[in-house]
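The values are calculated or read from the model by the stated rules, or taken from the named source; none is laboratory data. The shown structure was predicted, so the numbers you read here are calculated from the model rather than taken from an experiment. Glycine also receives a Cβ, built like all others from the backbone with ideal geometry; neighbour counts cover every protein chain displayed. For accessibility, only protein heavy atoms count, side chains too; no ligands or nucleic acids. Shrake-Rupley method; radii C 1.70, N 1.55, O 1.52, S 1.80 Å.
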Amino acid sequence: MNTKPFPSGLSEHAVTITRVADRQWHALDDDLVVGRGYAQHRADGRLFVGIDAWHDATFDRLAEAMLAQLPAPLFTVVDEADAELTACWRRAGFTIGRREWEYVVPTDPRVTGLDDALPPSGMSVVPAGQADESLLRAVDRAIRDEVEATAGWWQSMPAEVIPRPEGDTVVDPSKYAVAATPDRYLGLIRVVTVNRPRIGLIAVRAGEQRRGIARTLLAHALGTLHRSGFDAAWTEVHESNRAATALFQGIGARPVSSNLELVR
């Protein structure tokens, strides 16, 4: 347990930075917790940090203590509208690594224009919960390898934050609908509904792109949500992914916020 005192101006007592558990820190003013910091690995293996502090001075000292004990590279995510928090992380040496736009996506096919979306010849959509797990894992692995070999997965695809076992990229096979031919799967879409439906991933094998497969998968997923009573879904799109941006904007999705992924 590491403790680092410093004058805070918050009271007559010195504020101390204390490592209270593995990758967890507290800032204490006497017995009052005036700030917290943590670090955790995301599903893709990268180490993300977060700080919640009452004052900028406390934030700065928490960041100083944490960064001295954690391996680089480190990442964090902030709402781009939160200029104050972004400035705090910039003081700690973080720079913008990527930007993701959050979109609200209508589900009504009369709004999206997907009411007439038909699958390419020889292809069908297997609904969520009905996919063959071995074929699903095979197409997921193939797509990830293709993206990683070109643009890089985390540099171009939506951030994945759901905890998963080491090496397992398909957390819950029941959440995936897939584009299928008789012998293999060509693409997939993952929709998770907790408080609201979120499209976490839509992807198609490189050799099968530009055939309308992603549009067909989107039509299926949004139509299913609409019939279940949901007027809208949400998704995140990396700003460099022009194909995904065009796909969602083309069906009437609108950006509502943006997140910055900062890196040190």
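Asp44: outside any loop (DSSP other than H, G, I, E, B), acidic (Asp, Glu) and surrounded by fewer than 17 Cβ atoms within 10 Å (Cβ to Cβ), yes or no?
Criteria not met by Asp44.
Which of the residues spanning the range 191-209 are in contact with a Leu (Cβ under 9 Å, 6 or more places away or on another chain) and among the basic types (Lys, Arg)?
Across the range 191-209, the qualifying residue is only Arg205.
Show the residue pairs meeting these rules: Cβ distance below 6 Å; 6+ apart or different chains; first residue within the range 79-100 and on the phi > 0 side of the Ramachandran plot; second residue open to solvent by 40 Å² or more (accessible area, probe 1.4 Å) and at pLDDT 95 or above.
Going by the 6 Å Cβ cut-off, the qualifying pairs are Gly93/Arg264.
Taking the range 193-224, which residues are under 21 Å from the mean Cα position of the chain (by Cα) and open to solvent by less than 40 Å² (accessible area, probe 1.4 Å)?
Across the range 193-224, the qualifying residues are Pro197, Ile199, Gly200, Leu201, Ile202, Ala203, Val204, Ala214, Leu217, Leu218, Ala221, Leu222.
Does Pro182 meet the test of being of a type outside the set (Phe, Trp, Tyr) and modelled with pLDDT under 90? Let's see the steps before the verdict.
Details: of a type outside the set (Phe, Trp, Tyr): yes; modelled with pLDDT under 90: no.
Answer is no for this residue.
For Glu133, all conditions in the list (1) exposed (fewer than 15 other Cβ atoms within 10 Å of the Cβ); (2) among the acidic types (Asp, Glu); (3) under 27 Å from Val256 (Cα atoms) hold save one; what is the number of the exception?
(3)
How many residues does the range 242-263 contain that are crowded, with 18+ Cβ neighbours inside 10 Å and outside any strand (DSSP E or B)?
Selection size over the range 242-263: 4.
Select from the range 17-56 the residues that are modelled with pLDDT under 90 and under 23 Å from Asp82 (Cβ atoms) and list them in ascending order.
Result: Arg42, Arg46, Trp54.
Going by the conditions given, is Arg90 surrounded by fewer than 16 Cβ atoms within 10 Å (Cβ to Cβ) and either part of a strand (DSSP E or B) or modelled with pLDDT of 95 or more (or both)? Can you show your working first?
Numbers: surrounded by fewer than 16 Cβ atoms within 10 Å (Cβ to Cβ): yes; either part of a strand (DSSP E or B) or modelled with pLDDT of 95 or more (or both): yes.
Yes: the conditions hold for Arg90.
When you check Gly113 against the structure, is it open to solvent by 20 Å² or more (accessible area, probe 1.4 Å), free of Cβ contacts under 8 Å to residues at least 24 places away in the same chain and on the phi > 0 side of the Ramachandran plot, yes or no? Write out each step before concluding.
Details: open to solvent by 20 Å² or more (accessible area, probe 1.4 Å): yes; free of Cβ contacts under 8 Å to residues at least 24 places away in the same chain: no; on the phi > 0 side of the Ramachandran plot: yes.
In short, no.
Among the candidates Ala233, Ala221, single out the residue that is of a type in the set (Gly, Ala, Ser), modelled with pLDDT of 95 or more and in a strand (DSSP E or B). Outline the logic, then answer.
Values: Ala221 fails: in a strand (DSSP E or B).
Step by step, each of Ala233, Ala221 is checked, and only Ala233 is of a type in the set (Gly, Ala, Ser), modelled with pLDDT of 95 or more and in a strand (DSSP E or B).
Looking only at the range 250-264, which residues are under 16 Å from the mean Cα position of the chain (by Cα) and under 16 Å from Phe75 (Cβ atoms)?
Of everything in the range 250-264, those that are under 16 Å from the mean Cα position of the chain (by Cα) and under 16 Å from Phe75 (Cβ atoms) turn out to be Asn259, Leu260, Glu261, Leu262, Val263.
Could you tell me which numbered condition Glu236 fails, if it satisfies all but one of (1) charged (D, E, K, R); (2) open to solvent by less than 50 Å² (accessible area, probe 1.4 Å); (3) over 16 Å from the mean Cα position of the chain (by Cα)?
The single condition Glu236 does not satisfy is (3).
Out of the range 174-199, which residues are of a type outside the set (Gly, Ala, Ser), farther than 27 Å from Arg210 by Cβ and not in a strand (DSSP E or B)?
Result: Val194, Asn195, Arg196.
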